[in-house]
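Read the structure below first, then the notes.
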Amino acid sequence: MENLSQDDITKFLEIARQLETANITTRNRDRGFDEGPRALPDSIMATLEEASKKAIKSLVESFGKHVAIYEGGVWTQPGATNPQFINELKRANLDVNQVVSRMYKDGERLRRSGRGATEILEDLQEILNDLPTPDPRLELVAEKVEQLAVYGFAGAKRIDQEAREITIKALNIPAYVGHLESIEEDDKDMAFTVEVNRIQEARFEEFTQPQFQQNNKLNNPSPSNNQ
């Protein structure tokens, strides 16, 4: 080593960097990173698929009860509105579409953390598979990371469900069609089926009901009735 010049050392470091980059590229290719979206690991998918709508809410809430609490000032404190402004906010007219769109974006942020946790889980599982003997500590870490991944996807879906409920209320969708199952369109899980004609037809039927027309007359009397 004493006979190596600074230029030689720099060249060796550059070669090492290139080899590491090549190794990372190879590993990514072997794991399908260059092939677009990959399937979720079976263990995560099974947990999510077996969870009903009610179970997802419980799953999200239970995760928060079992995770460590840290103190880091404003970075670890939940946000809240000042009490003196709450009544004023309740009277404010909001753009519901803007609120719902923001909720879907928040869900995608949480879903992104689930993807990141899944990637770490796959790295850990790869390490565990290469070990000559099991490592209980790493296995425990992998289990926790898997729980984090499930929380990310389940929490995101919970936000989607809440956004959908707000949409149903804002659009005044009749209760008997509010249960319509959502289906995927392109890369999004739509809040409602693309057959929205069913919703429009239900609205029309409700509008033509005698009771609705009577209530409408009472709430909006014609000018002739006021003279």
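Of all the listed residues (V150, V99), the sole one being under 17 Å from the mean Cα position of the chain (by Cα), in a helix (DSSP H, G or I) and within 24 Å of T167 (Cα to Cα) is V99.
Within the range 68-96, the set of residues being acidic (D, E) and either more than 19 Å from I166 (Cα to Cα) or in contact (Cβ under 8 Å) with a residue 24 or more places away in the chain (or both) comprises E71, E88. Looking only at residues in the range 50-96 that are outside any helix (DSSP H, G or I) and hydrophobic (A, V, I, L, M, F, W, C), the one that is nearest to the chain's Cα centre (by Cα) is A51. Filtering N93, N172, N97 for residues that are exposed (fewer than 13 other Cβ atoms within 10 Å of the Cβ), modelled with pLDDT of 90 or more, over 16 Å from L40 (Cβ atoms) and among the polar types (S, T, N, Q) leaves a single hit, N97.
Conditions tested, residue by residue: (1) under 26 Å from S58 (Cα atoms); (2) surrounded by 13 or more Cβ atoms within 10 Å (Cβ to Cβ); (3) at pLDDT below 90.
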position	(1), (2), (3)
D123	no, yes, no
L128	no, yes, no
G152	yes, yes, no
L180	yes, yes, yes
I183	yes, no, yes
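The values are calculated or read from the model by the stated rules, or taken from the named source; none is laboratory data. Quick caveat, the model's predicted, so the values are computed rather than measured. Neighbour counts are summed over all protein chains in view; Cβ atoms, including those assigned to glycine, are modelled from backbone coordinates with ideal geometry.
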